[in-house]
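Here the structure is laid out as structure tokens; the discussion comes afterwards.
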Amino acid sequence: MQFKLDRRERASRRMLLLTPLLAVLLSVITSSLLLLILNKPVGSTLHSFFIAPFENFYSITEVFLKFGPLLLIAQALAVGFRAKVWNIGAEGQMIIGAIAASSVPVYFVDSTSGWLLPAMIALGAAGGMSWAAIAAWLKTRFNANEILVTLMLTSIALQLLYYLLLGPWKDPMGFNFPQTVMFQNEALFSPLFSGVRLNTSIIIPIIFTVAVWLFMERHFGGFKLVVGGLAPQAATYAGFSAKKAVWVSLLLAGFAAGLAGMSEVAGPIGQLQRSVTSGYGYSAIIVAYLGALNPVGIVFAAFFVAVLQIGGDVALVSANLPISAVHVFQGLLLIFYLATYTLVNYQIRPLRHASSSTTEGQPT
Amino acid sequence: MTASPALLSLRNITKRYPAVVANDNICLEVHANSIHAVLGENGAGKSTLMKLVYGLIESDSGELYWQGQRVELRNPAAARKLGIGMVFQHFSLFETLSVVENISLTIAGSRQVLSQKIIDIGERFQLKVNPDASVHSLSVGERQRVEIIRCLLQDLKLLILDEPTSVLPPQHISALFEALRKLRDSGVAILFISHKLEEIRDLCDTATVLRGGKVAGSINPARASTQELATLMIGHEVAGVNTGSNAQTSSNSQSSDHALLQLNAVTVSSDDPFGTSLHDINLQVNSGEIVGIAGVSGNGQKELSRLISGEQMEKHLPAESIKMIGQPVTRLGAAERRALGFAFVPEERLGRGAVPVMSLAKNTLLTTFYQGMLSQGFIRGGKLKRYTDECIEKFDVRCGGAQAMAGSLSGGNLQKFIIGRELMLSPRLLFVAQPTWGVDIGAATAIRQRLIDLRNTGIGILIVSEELEELFEVTDRIHVINSGRLSPSLTTAEVTPNDIGEYMISHNQRGSHGDNSNTGDGHAV
């Protein structure tokens, strides 16, 4: 029996909701197989991935600590992806946001002003936006591919970060470690509970999510972006500017990624160091797609991926897995999601066999 | 000749699509050693028929015979195995590979052997091309030769060419024809799809004319006059539309005080290799008249439409080049022109006039957003729904309500929706491209009637259509667009379809055909 893919008359809403679940299921099955091959205990590994993060209060707050930046960046990226603006460089925008925000405590080491944190927020957002603006300008002015430009800008941002940490911004008392001074308390968000790293910055992604939902579902600006992504010719016909869509998409992502970078240095890390992004800029791409680019779906997807990352940390210890195992699982998720997404627009049907007794041009 | 069985014979081929019967009971015979033209207007079913022969799609009913044997072509590989090759309008070559590398992707044999074969074929059929040249460095004509050579390398018996000359500059066309004649003399049959009458008279031995998915007739193009071909292609049937007070309005169409649209000497060169450049376009549409633009497709209609609608802005043109409702609009975008009282119904309904996966209400927002649909940038859902509901009711759009996806509507109903949406803007100037394309006859008549009623209320209407009968039915004046040039204005009541047909082709072979000059020009206004 052979099968073929038939295009659906219109996209299936049911499959749209089912594909993320299907992708998760397939990833779990595949990674279980991989674990079996590696001779690792499947049950306890899955337990550390999915159950352990909820077993004590501290891990739960750690999940929410990861949830924040993932949610923030993914919401903004999804807006761009719906407008078919492929910003792959949120990672770089996040780095620049972190650098810009760090400049305040680095240059005002002794300040205890209440304006430190607001200034860092403003600079973090502005830094991320300026980095994204380079890609937007190159795209609208020279039609330079934003995928390549944002990706390459990420490499530049990383080099800039290394330069600052090894040179001018290096902590003179830091035993030559590539990191800045530890920031003063006035430059940090305060913890939500004592003894945990989760802090008040979690409010930013939540407000941002509501704003993005309003923008995409109720506002004309979001409508214009969506039309531009779904039917570029219809957008031109209506008179919506394609260049503006590029600018809005990229600046919004830069804004969110910059804030996320700022929240890291002013939150759990407390200084600028090399691993400032923890790969959030890339993971957020997976989150955006896993959430079907929908503001509500992304909330769940961000939570899921956050659980996965904390669970991965647990599994590193309990099942003696390498860190790449977590990356493999994330990669599987994205691949399976993209593969199963085919079923939104296509359906599988058995191949029709000709019943007539005619000679065929080719017996395939 | 007729004693031997035909190389390819189609019997009662029918292919239906949800909205339209693309091929209706088509019978066709192609013989070896002949160039067989398939002629017809856009949408007549030529491409569907060729895709059936090449195995890209399957027919719903009917039979296909190859050298007298019944065959079923499930896919192009089956067709190629029989010796059928096809060259599409848009080539399928990898630009970064060389000619011989491209060919070796589908043809077995070492590069060296293939290179020699490419050179040999080039010599024999005058299809010269350097096998080691990169494809991106080749001209369009040379790329076409590569495609033809690729077909020839697989024991070719029938070559299908889909509008091969539409991509070629004039100086390459005669070279292509020379090669095709050599091919024919070597025993290959050629199916040549075109809507350019002069070419077909020049090259082809037989012509089958399609109209509305049916065979309108078969004819020897060398002996038939251009008029005969045009008549077959365009047909005569005219459905009844009440033209109302035509006489009264045509009198005031002469005055230029009511000019709603003016294009003054507009010249725009196209940067798309498949596009048409516009030369010295002068056009005026007055209030209370319908002006039509006739022509075979690909002669600049798309470019002209986008220029008038504002989808394509040519900021280098003088400010006064395009005027709308008394104002220069050359530098205004589509939305700004709409705000002046201009409305436009594009030829592509899905993807341009409407977003298929959005609801009708959301699609209403596309062009009505400046009509109080927004409050502080937020969409006023209630108002939008009322507008959409009114449009659905007033224009008899059969659908599942304002929340129905635009893509779920039939072609005719979607067209009614889009026309309704645009008319509810109360435009002073309306531009409709292909108003009844793919629309069933009842809806088409309704749409035409509405256009005439609107004209009688004083609105100026411009129509681009490839259906000549439609233009004769509704317009007061007609221009013909040909190779990006616009004919003088012709008063519809004073010309015949044949006159228009002459204008459609006259510039193609600029000045080389003396027999064109005795008609048409005399009727120019």
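This table checks each residue for (1) assigned to a strand (DSSP E or B); (2) open to solvent by 10 Å² or more (accessible area, probe 1.4 Å).
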| residue | (1), (2) |
| --- | --- |
| B:Val432 | yes, no |
| B:Pro435 | no, no |
| B:Thr445 | no, yes |
| B:Gln449 | no, yes |
| B:Ile452 | no, no |
| B:Arg455 | no, no |
| B:Leu462 | yes, no |
| B:Glu473 | no, yes |
| B:Ile481 | yes, no |
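Summed over segment A:205-243, the residues that are touching a Leu at 6+ places or on another chain (Cβ under 9 Å) and among the hydrophobic types (A, V, I, L, M, F, W, C) give a count of 13. Only one entry of B:Lys46, B:Lys51, B:Lys117, B:Lys128 meets the criterion of being in contact (Cβ under 8 Å) with a residue 24 or more places away in the chain and open to solvent by 60 Å² or more (accessible area, probe 1.4 Å), and that entry is B:Lys117. Which of the residues belonging to segment B:362-395 are touching a residue at least 40 places away in the same chain (Cβ under 8 Å) and open to solvent by 30 Å² or more (accessible area, probe 1.4 Å)? Scanning segment B:362-395 gives a single hit, B:Gln371. Scanning segment A:204-220 for residues that are more than 15 Å from A:Gln75 (Cβ to Cβ) and either open to solvent by less than 60 Å² (accessible area, probe 1.4 Å) or under 23 Å from the mean Cα position of the chain (by Cα) (or both) yields a count of 1. Which ones in segment B:59-111 are under 22 Å from B:Glu163 (Cβ atoms), aliphatic (A, V, I, L, M) and more than 14 Å from chain A (Cβ to nearest Cβ)? Those that are under 22 Å from B:Glu163 (Cβ atoms), aliphatic (A, V, I, L, M) and more than 14 Å from chain A (Cβ to nearest Cβ): B:Met86, B:Val87, B:Leu93.
Filtered by the rule that a residue be open to solvent by less than 70 Å² (accessible area, probe 1.4 Å) and either within 14 Å of chain B (Cβ to nearest Cβ) or out of contact with any Gly (no Cβ under 7 Å at 6 or more places or on another chain) (or both), segment A:190-203 gives A:Ser190, A:Val196, A:Leu198, A:Thr200. Between A:Ala256, A:Ala238, the distinction of being buried (at least 20 other Cβ atoms within 10 Å of the Cβ) and within 14 Å of chain B (Cβ to nearest Cβ) belongs to A:Ala238 only. Is there a residue in segment A:212-230 that is small (Gly, Ala, Ser) and either away from chain B (no Cβ under 14 Å) or free of Cβ contacts under 8 Å to residues at least 12 places away in the same chain (or both)? No, the conditions are met nowhere in segment A:212-230. When segment B:205-224 is filtered for residues that are open to solvent by less than 10 Å² (accessible area, probe 1.4 Å) and either in contact with a His (Cβ under 9 Å, 6 or more places away or on another chain) or not in a strand (DSSP E or B) (or both), the ones remaining, listed by number, are B:Ala207, B:Thr208, B:Gly213, B:Pro221, B:Ala224.
Can you find a residue that is open to solvent by 30 Å² or more (accessible area, probe 1.4 Å) and farther than 13 Å from A:Tyr346 by Cα anywhere in segment A:3-11? Checked against the condition, which is being open to solvent by 30 Å² or more (accessible area, probe 1.4 Å) and farther than 13 Å from A:Tyr346 by Cα, segment A:3-11 yields no hits at all.
Scanning segment B:346-358 for residues that are more than 10 Å from every other protein chain (Cβ to nearest Cβ) and open to solvent by less than 10 Å² (accessible area, probe 1.4 Å) gives no hits. For residues in segment B:404-426 being away from every other protein chain (no Cβ under 13 Å) and either of a type outside the set (A, V, I, L, M, F, W, C) or without any contact (Cβ under 8 Å) to a residue 24 or more places away in the chain (or both), which is most open to solvent (accessible area, probe 1.4 Å)? Ranking the candidates gives B:Ser426 first.
The residues of segment B:268-294 that are over 13 Å from B:Thr475 (Cβ atoms), in contact with an Asp or Glu (Cβ under 6 Å, 6 or more places away or on another chain) and of a type in the set (A, V, I, L, M, F, W, C), listed by number, are B:Val268, B:Leu278. If I filter segment B:316-345 down to residues being in a strand (DSSP E or B) and either within 20 Å of B:Gln371 (Cα to Cα) or touching a Cys at 6+ places or on another chain (Cβ under 6 Å) (or both), which single residue comes out as farthest from the other protein chains (Cβ to nearest Cβ)? Of everything passing the filter in segment B:316-345, B:Met324 is farthest from the other protein chains (Cβ to nearest Cβ). Within segment A:147-157, one or more residues are of a type outside the set (A, V, I, L, M) and either buried (at least 17 other Cβ atoms within 10 Å of the Cβ) or in a strand (DSSP E or B) (or both). Can you tell me which of B:Gln301, B:Gln312 is surrounded by fewer than 24 Cβ atoms within 10 Å (Cβ to Cβ) and more than 12 Å from every other protein chain (Cβ to nearest Cβ)? After applying the criteria, what remains is B:Gln301.
The values are calculated or read from the model by the stated rules, or taken from the named source; none is laboratory data. The structure displayed is predicted, hence computed values, not measured ones. Cβ atoms come from the backbone with ideal geometry, glycine included; neighbour counts cover every protein chain shown. Remember, those area values only see protein heavy atoms, side chains included, never the ligands or the DNA or RNA. Shrake-Rupley method; radii C 1.70, N 1.55, O 1.52, S 1.80 Å.
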